[in-house]
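Q: I'd like to ask you about the structure that follows.
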Amino acid sequence: MTADTAAKKVFIKTFGCQMNVYDSERMTEALAGDGYCETTELEDADLVILNTCHIREKAVEKVYSDLGRIRDIRDRRRRDGKDTLVTVAGCVAQAEGAEISRRSPVVDLVVGPQSYHRLPELLKQSRETGTRIVETTFPDEEKFEHLTQKRQVRSATAFLTIQEGCDKFCTFCVVPYTRGMEYSRSVADVEKEAQNLVESGVRELTLLGQNVNAYHGVTETGAETTIAGLIRRLARIDGLERIRYMTSHPRNMSDDLIAAHADEPKLMPYLHLPVQSGSNRILAAMNRKHTAEEYLRIIEKVRAARPDIALSTDMIVGFPGETDCDFEETLALVKTVGFAQSYSFKYSSRPGTPAANMDEQVPDGVASDRLTRLQYLLTNQQERFNAQTVGQTIPVLFERTGRNGGILVGRSPYLQLVQAEADAALLGKILPVAIRGHGPGSLSGVIAA
Ligand code: 5AD
Ligand code: SF4
């Protein structure tokens with residue numbers, strides 16, 4: 001730690017997916033080594049980082065509106081003789097590069113997801129030279145190796161990125177361009193990080209990747225293993241009680257992974273497996289590489305392996321060329337599956353993706369109506385799933401204190417939020433909870449004797 005950075009404060013705002021949450025944690029850790037501590041007050045921050053998401057247009061516009069607000073704060077701080085460095089990280093940084101500091105001159109540093117390990121060095125360079133820096137290359141060296149292995153975790157649950165990037169090239173999606181080609185970390189590397197996390201109190205790990213079930217990391221022998229092999233290895237770690245993974249692609253839903261859901265007790269009965277649409281015509285135009293029938297067959301196999309599994313999906317409505325008939329097929333698929341959880345979006349045209357140039361863009365009003373109808377159905381399904389747990393006693397891992405005193409909040413195996421009256425000493429413990437009621441997004445219960 002150097003004297004000039006000893007008291008510096010960093011404010012990080014995270015947009016988008018869990019991968020960004022993980023990356024933000026890792027950036028905080030890299031900066032801690034450089035004397036930065038975290039603040040939740042923007043006005044106090046010597047360094048502001050926006051870890052951005054590029055997946056839909058709205059997400060991008062939000063970043064630019066935040067930058068306007070940050071500029072005002074920076075100007076105020078400047079009048080008080082304080083410096084503020086502004087960094088844009090994440091997928092907007094990767095996709096827009098120098099365009100960001102052209103549009104928002106307040107930005108000092110633009111850094112893509114592959115270069116976070118260089119953050120302290122890049123900041124120093126920016127401070128010393130007073131110039132704007134844009135670092136969005138995809139270096140050959142491996143970013144994970146540069147990040148501190150020992151992690152400071154404050155919760156019983158943690159994310160662990162095992163795979164990054166995507167080679168699937170769905171025609172609507174920017175991820176293959178912003179996160180690059182598919183890359184898997186080695187088993188030894190993942191195991192080491194998992195072991196460290198468990199030693200610092202983590203009981204539940206969520207393995208992350210844009211295409212997590214395409215994982216193919218190398219073992220000590222140089223052979224490759226699948227995500228199922230990795231899960232079975234991690235399950236041997238004493239003290240690790242629960243394993244989850246997301247996000248998966250139907251094409252990589254292999255039989256060994258499905259089998260792990262049947263016989264690996266630490267693997268939680270929850271599967272986020274986006275289908276996006278129920279129309280084969282639209283799935284083909286999306287380049288999803290699976291049909292509705294193939295998706296349904298996978299669901300059948302998964303349910304045969306683990307009948308109580310909670311299924312989750314991402315859906316897009318209003319993809320170019322989507323007709324009423326295509327949309328009805330989407331509703332039909334959703335009715336057939338019965339999802340416990342879901343994320344649904346209006347198609348958002350992303351520059352540079354093939355779908356942006358497709359004819360027959362769907363009018364916004366039509367897409368909005370479809371989204372309303374779809375979300376009505378999906379919300380009902382989620383409520384039905386939650387309602388069926390009422391009366392059951394299920395194990396809950398308590399993660400945090402609730403807003404009201406004496407209440408702890410945790411997760412069921414099915415990833416439902418569960419609230420129960422409990423002493424704070426029970427944080428980080430898994431306890432049986434008798435579920436008594438359910439609200440729109442959470443369950444409530446009492447700890448069973
Ligand atoms: N428009 C709308 N939704 C999108 N997604 C990805 N790209 C787009 C887009 N251009 C959704 C998909 C994906 C999730 C992370 O975001 O459903 O699974
Ligand atoms: Fe994007 Fe498709 Fe890759 Fe998912 S599988 S990250 S939607 S390109």
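Q: Once R0 is set to 35 Å, what does the formula 1/(1 + (r/R0)^6) return for the Cβ-Cβ distance between Ser368 and Val218, expressed as a FRET efficiency to the nearest 0.05?
A: For Ser368 and Val218, the calculated efficiency is 0.15.
Q: Given the peptides 171-179, 386-394, 16-24, arrange them by the average over their residues of other C-beta atoms within 10 Å, most packed first.
A: Per-residue Cβ counts within 10 Å, averaged per peptide and sorted highest first, yield 171-179, 16-24, 386-394.
Q: Which residues' amide hydrogens lie under 5 Å from the amide hydrogen of Thr161, considering only partners 5 or more residues apart or on another chain, with H built in the peptide plane?
A: Amide H to amide H, under 5 Å and 5 or more residues apart or across chains, Thr161 pairs with Leu208.
Q: Between Ala262 and Glu421, what is the spin-label point distance in nm, taking each point 7 Å from the Cα along the Cα→C-beta axis?
A: Here the modelled spin labels are 4.4 nm apart.
Q: From largest to smallest, what semi-axes in whole angstrom does the stretch 252-409 give when each is the square root of 5 times an eigenvalue of its alpha carbon gyration tensor?
A: After diagonalising the Cα gyration tensor, the semi-axes are 31, 21, 15 Å.
Q: Here is a further query. Rg over Rh of the stretch 216-338, using C-alpha atoms and the Kirkwood radius, what does it come to?
A: Rg/Rh for the stretch 216-338 comes to 1.04.
Q: For Ala310, list long-range residues whose amide hydrogen, built 1.01 Å from N in the peptide plane, is under 5 Å from its own amide hydrogen.
A: Tyr270, Leu271
Q: From largest to smallest, what semi-axes in whole angstrom does the chain give when each is the square root of 5 times an eigenvalue of its alpha carbon gyration tensor?
A: 35, 29, 23
Q: Roughly how many nanometres apart are two label points built 7 Å out from the Cα toward the Cβ at Gln392 and Arg102?
A: Rounded to a tenth, the inter-label distance reads 5.4 nm.
Q: Here is the link list: Lys8/Lys82; Lys13/Lys124; Lys62/Lys82; Lys13/Lys429; Lys62/Lys124; Lys266/Lys301. Which ones come out longer than 23 Å on Cα distance?
A: Going by Cα-Cα distance, Lys62/Lys82; Lys13/Lys429; Lys62/Lys124 fall outside the 23 Å limit.
Q: May I ask for the Rg/Rh ratio of the stretch 151-197, computed from Cα atoms with Rh as the Kirkwood radius, given to two decimals?
A: A ratio of 1.12.
Q: What list of ³J(HN,Hα) values in whole Hz, one per residue of the stretch 64-69 in order, does the Karplus curve 6.51 cos²θ - 1.76 cosθ + 1.60 (θ = phi - 60°) give from phi, with Gly and Pro shown as x?
A: So the J values, rounded to whole Hz, are 5, 6, 5, 5, x, 5.
Q: For Asp324, Asp314, Asp66, give the ranking by accessible area with the largest first, probe 1.4 Å.
A: Solvent-accessible surface, decreasing: Asp324, Asp314, Asp66.
Q: With only alpha-carbon atoms in the gyration tensor, what are the semi-axes of the equivalent ellipsoid for the stretch 149-268, in Å, largest first?
A: Equivalent ellipsoid semi-axes, largest first: 23, 17, 14 Å.
Q: Can you give the % of DSSP beta bridges in the chain that are antiparallel, to the nearest 5?
A: Approximately 35 percent, going by the DSSP bridge assignments.
Q: Nearest 500 deg cm²/dmol is fine: what mean residue ellipticity at 222 nm does the chain get from its DSSP H runs of n ≥ 4 alone, each adding -39,500 (n - 2.57), divided by its residue count?
A: Calculated at 222 nm, the ellipticity per residue is -11000 deg cm²/dmol.
Q: Just to be sure I understand the model, the point goes 7 Å from the Cα along the line to the Cβ. What's the resulting Thr40 to Thr336 distance in nm?
A: A separation of 4.6 nm, rounded to one decimal place.
Q: Express in nm, to one decimal, how much length is gained between Asp167 and Tyr343 on full extension, taking 0.36 nm for each residue of separation and deducting their alpha carbon distance.
A: Length difference between fully extended and current span is 61.1 nm.
Q: Out of the stretch 179-265, which GluC sites (Glu not before Pro) are coil in DSSP terms and have no more than 14 other C-beta atoms within 10 Å?
A: Of the GluC sites (Glu not before Pro), the ones in loops of the stretch 179-265 whose Cβ has at most 14 other Cβ atoms within 10 Å are Glu220.
Q: Could you state how much accessible area Leu109 has, in square angstrom rounded to the nearest 10, with a 1.4 Å probe and all protein chains kept in place?
A: The accessible area comes out at roughly 0 Å².
Q: Now for a different question. What does the accessible area per residue of the chain come to in Å², with a 1.4 Å probe and no ligands, DNA or RNA counted?
A: About 44 Å² of surface per residue is accessible.
Q: So in the chain, which Cys have no other cysteine's beta-carbon sitting under 4.7 angstrom from theirs?
A: Here Cys17, Cys37, Cys53, Cys91, Cys166, Cys325 come out as lacking a disulfide-compatible partner, given the Cβ-Cβ threshold of under 4.7 Å.
Q: Mean 1/r over all different Cα pairs, inverted: what Kirkwood radius does the stretch 3-138 give, in Å?
A: After inverting the pairwise mean of 1/r, the radius is 14.6 Å.
Q: Just reorder Asp359, Asp189, Asp364 by solvent-accessible area, largest first, 1.4 Å probe, all chains present.
A: Reading off the accessible areas and sorting them downward yields Asp359, Asp364, Asp189.
The values are calculated or read from the model by the stated rules, or taken from the named source; none is laboratory data. Nothing here was measured: the structure is a model prediction, and the numbers come from that model. Please note: Cβ atoms are built from the backbone with ideal geometry, for glycine as well, and neighbour counts cover all protein chains shown. The area values use the complete protein model at the heavy-atom level, side chains included, leaving out ligands, DNA and RNA. Shrake-Rupley method; radii C 1.70, N 1.55, O 1.52, S 1.80 Å.
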